[in-house]
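Worksheet: the structure to be examined is printed underneath.
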Amino acid sequence: MRVHIVVTADDGSSYEGDADLIVSSPAANRTKPAAKGNAETTSGVSASAVDFELPVRAFAKRYAKNLSGPRKYVALLARLAGGKVGHANSPRDVEKQWRSMTEPMGGDYNPAYPSRAKTEGWIDAPTRDTVVLRKDWAAALNGN
C-alpha cells in the first residue's frame with residue numbers, strides 16, 4: 001500500500017514523504033522500510049529489520065532487486081549467514097546459490113563482486129575459502 005505521510009515537529013516545521021507499506025506478519029508485526037522515490041528500492045534497511053526467515057528467492061527479490069552486483073552479493077551472503085557478522089561461509093556456496101536463481105538476482109554472477117564488496121568494507125575474506133560479513137554489511141542493502 002502506498003501512503004503519503006506528513007509529520008509536524010514541536011517547532012512547527014513539517015516533513016513529508018511517500019512510503020510503501022506491506023502487510024506485516026502477525027508474529028513479527030513489522031512493516032517494510034519506507035522507500036525514497038522508487039517503490040522497488042530498500043532504502044533505509046537496517047540489519048535488525050531484515051527478515052532472514054524468508055526463502056532465499058523471496059529474500060533476493062525483496063532485498064536485492066535493484067542493487068548493484070556487489071551489493072547483491074552481500075545480500076545473498078547475509079541471507080546465507082543469517083545476518084551474523086563473522087559467520088564463515090564458502091564463497092563457492094554464495095556463487096552456487098546465485099547461479100541457481102539468476103532471475104531474482106538480475107543476471108549472471110561476476111567473480112569481481114566479492115572483491116568489490118570487500119573494497120567497500122561490507123565483507124571480509126580471512127582465508128581463500130572463507131567469506132564473512134562485516135559489521136557494516138547492512139549499508140550495502142541501502143543502495144545509496
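Some points to look at:
- Residues that are among the acidic types (Asp, Glu) and free of Cβ contacts under 8 Å to residues at least 40 places away in the same chain, drawn from segment 86-126: 93, 95, 103, 108, 124
- Residues in segment 66-104 that are closer than 15 Å to residue 134 by Cβ and of a type in the set (S, T, N, Q): 89 only.
One line per residue, one yes/no per condition, for (1) surrounded by 18 or more Cβ atoms within 10 Å (Cβ to Cβ); (2) aliphatic (A, V, I, L, M):
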site	(1), (2)
89	yes, no
93	no, no
97	yes, no
107	no, no
117	yes, yes
121	no, no
135	no, no
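- Residues that are over 13 Å from residue 59 (Cα atoms), assigned to a loop (DSSP other than H, G, I, E, B) and not polar (S, T, N, Q) within segment 77-114 comprise 84, 85, 86, 87, 88, 106, 107, 108, 109, 111, listed in sequence order.
- Residue within segment 71-80 that is surrounded by fewer than 19 Cβ atoms within 10 Å (Cβ to Cβ) and of a type in the set (Lys, Arg) present: no
- Residue, modelled with the highest pLDDT, within segment 40-96, restricted to residues that are under 19 Å from residue 113 (Cα atoms) and among the aromatic types (Phe, Trp, Tyr): 73
Yes or no, residue by residue, for (1) out of contact with any Pro (no Cβ under 7 Å at 6 or more places or on another chain); (2) on the phi > 0 side of the Ramachandran plot; (3) among the acidic types (Asp, Glu):
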| residue | (1), (2), (3) |
| --- | --- |
| 59 | yes, no, no |
| 75 | yes, no, no |
| 81 | yes, no, no |
| 90 | yes, no, no |
| 94 | yes, no, no |
| 101 | yes, no, no |
| 106 | yes, yes, no |
| 114 | no, no, no |
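- Residue match in segment 121-137 (condition: closer than 20 Å to residue 52 by Cα, in a helix (DSSP H, G or I) and among the charged types (D, E, K, R)): no
- Of the set (1) free of Cβ contacts under 8 Å to residues at least 12 places away in the same chain; (2) closer than 16 Å to residue 71 by Cβ, all apply to residue 138 but (1).
The values are calculated or read from the model by the stated rules, or taken from the named source; none is laboratory data. A quick note: this is a predicted structure, and the numbers were derived from the prediction, not measured. Heads up, the Cβs are rebuilt from the backbone with ideal geometry, glycines too, and the neighbour counts pull from every protein chain shown.
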